[in-house]
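The structure under discussion appears below in the form of structure tokens.
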Amino acid sequence: MAGLLRRVVLPAALAAVACGGASEPSSPPQFDVLEQTIPELQAAMEDGRVTSRQLVAQYLARIEAYDRRGPALRAMISINGGALDEAAALDRERAGTGPRGPLHGIPVVVKDNYDVAGLPTTAGSSALAGWHPPDDAFQVAGLKEAGAVIIGKANMHELAYGLTTVSSAGGQTRNPYDPSRNPGGSSGGTGAAVAAGFAAAGMGTDTCGSIRVPSAHHALAGLRGTRGLSSRDGIVPLALTQDMGGPMTKTVTDLAIMLDATVGVDPADEVTARGRGRAPDSYTAFLTAGALEGARIGVVTWLVGSAPEDEPVAAVIRAALETIAAAGAEVVDVDLPGVPDLLDGASIIPVEFRFQLADYLRAPGTPVQSLREILDSGLYHAAVEERYRRSDSVRGLDDPDYLEALARREPLREAVTRLMDDARLDVLAYPTLRRTAAPIGLPQRGNNCALSAVSGLPAIAVPAGYAADGLPVGLELLGRAWAEGELVRLAYSYEQLTHHRRPPASTPSLFAAPSRTAEWTAAGAAAAPPVESGVTAAVRLTWIPATRQLRYAVTVYGAPAGDVLFTHLHRGAPGEVGPVVLPLSGPGVTRASGTRTLTAAERDDLESGALYFNVHTRKHRHGAARAQIDWPAAGRQ
């Protein structure tokens with residue numbers, strides 16, 4: 001145990017030094033921040049099992065271990081050098097006067113388009129490097145007032161204009177569920193950071209899916225509220241007609257707690273006047289299990305998708321809807337006639353982006369003042385150039401096409417609300433995306449962001465399960481204006497039935513062994529069917545969850561090299577014959593070793609004991625020696 005603790009303390013100390021604070025011992029080994037909810041962290045601080053400073057130290061250790069090393073997620077773009085000291089001050093306050101509330105001492109991350117006093121705001125753009133805003137965004141101020149510690153700022157798709165989270169300032173963020181995949185966007189850094197356990201919760205922004213998409217990709221809950229629910233003051237704009245800030249959390253309970261601290265009327269953002277008197281005393285009042293019984297859910301069939309590429313996600317969504325129906329809800333298909341026509345051509349982002357970004361950049365001290373200056377500087381990522389240039393060429397806010405797009409919004413909102421009323425629906429349901437996270441470098445298809453974003457109606461994404469490729473799928477529920485409480489109520493009820501969320505394997509506990517090694521002996525008696533081949537094999541595997549690397553060493557005995565065809569890992573239960581998952585060696589090889597990086601699905605098969613090793617020879621092509629790869633109990637995480 002002493003050696004294990006040394007491995008944990010070292011990254012925590014390095015993180016503390018990197019942040020300019022004193023070295024801080026890691027939190028006690030019996031308390032691990034991984035997957036802890038806000039109430040669980042709060043209870044641990046109240047009981048004296050851990051301090052806020054120790055929580056910050058452990059989250060910083062996880063960032064040190066996994067953000068640039070291990071799976072190299074690149075989820076974080078800057079770290080708050082004062083986080084340890086701020087947490088210590090909150091610990092003293094707790095001891096003196098008690099906690100302010102459920103967020104007291106809780107470490108959170110915010111997307112790098114939120115202004116945070118003392119930290120740079122780049123919005124992912126190298127052109128904004130060195131820009132330090134003078135004060136906090138409205139929602140950041142609310143978090144601080146509630147006692148939260150801003151541990152750092154998360155990477156994002158540059159200037160929020162994209163879905164895959166790549167930026168010139170922060171690089172490409174990777175999805176911790178499969179680091180070869182994108183994390184969604186534009187709040188992909190927040191999604192990856194919360195999912196990987198870099199903080200207890202996070203804040204993102206959503207112009208068209210940028211909270212909900214990365215929430216779906218990371219088995220998180222994420223809410224886009226009714227337009228006017230929360231202030232946009234201090235957030236770098238993409239398109240203010242659709243911009244919304246909101247929480248991204250591991251549970252619906254955490255989401256409700258974060259909402260309580262961040263919604264409200266702000267004189268600096270006139271649209272929030274619409275929300276006066278709309279927010280409840282606390283969204284936690286809506287955390288009631290069993291709320292699905294008697295609810296009426298309308299499934300928007302054309303958003304589920306019918307293309308073959310949509311089927312893996314559609315299968316998960318159908319299973320989720322079956323669970324909802326079994327809980328007593330009435331689930332009906334709806335078509336929403338006329339709505340697709342209203343959505344067509346309704347995007348206002350390319351026009352507003354250029355002008356509203358310039359308004360933000362008028363603040364004293366910004367290094368650039370316009371999108372044109374950014375383009376002329378070359379300080380932007382190649383992935384965003386086409387969109388930047390398209391926006392830079394728009395005619396203006398009096399453009400007839402833009403005005404027509406604006407004019408569609410109110411009829412759309414009225415049409416959706418009327419259709420829900422006529423069908424007596426509590427919410428509409430559909431997948432947040434029709435596809436799982438795309439490989440890095442490829443476009444992300446299947447985004448269903450527009451119905452909520454264009455109508456201004458609220459929508460919540462909640463984990464629906466996992467597709468065949470092992471990646472998370474999100475179920476989205478859309479409600480009437482100011483129905484956030486009802487969305488929280490139904491999402492919480494579904495969450496409590498299913499508990500779909502599980503942590504990504506690439507960022508395991510710092511208190512767990514960093515790798516697992518086991519050995520097996522393959523024999524003909526275990527083949528399917530059993531054979532007397534005289535062939536055996538020794539198989540040694542080392543599994544490294546943080547990098548999804550599988551190291552193998554295989555030695556075949558009892559067969560001349562010329563008789564050996566190959567050795568494989570197959571998928572299948574004991575006694576079953578299944579397909580090849582990983583070829584290990586080829587013809588004539590009796591000793592082989594190497595390293596393979598597994599996909600998310602291959603990882604799940606390996607960890608669940610669903611793989612077997614097989615030696616194939618010329619005499620016994622179907623299998624001369626076999627061993628089921630079922631990890632010994634002591635080796636399991």
Extension gain, D335 back to D421 (0.36 nm per residue minus Cα-Cα distance, nm): 29.6 nm
Three-way shape label, segment 388-511, alpha-carbon gyration tensor, a/c 1.5: oblate
Pairs of Cα atoms farther than 20 Å apart, segment 440-550, %: 67
Segment 30-157 shape via C-alpha gyration tensor axes, a/c threshold 1.5: oblate
Cα-based radius of gyration of the chain once divided by 2.2 N^0.38 Å, which approximates compact folds: 1.01
Geometric extent, Cα atoms of segment 515-568 - Rg, Dmax (angstrom): 13.3, 40
Hits among lysines - C-alpha to C-alpha of K144 under 25 Å, sequence gap 8 or more where chains match: K111, K153, K250
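Could you work out the percent of alpha carbon pairs in segment 254-397 separated by over 29 Å, rounded to a whole number?
53
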Beta bridges by DSSP in segment 64-165, antiparallel share as percent, to the nearest 5: 40
For the chain, calculated [θ]222 nm from helices alone, where every DSSP H run of n ≥ 4 adds -39500 (n - 2.57): -9000 deg cm²/dmol
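We did not get these values from a lab; they are worked out from the coordinates using the rules stated. The structure displayed is predicted, hence computed values, not measured ones.
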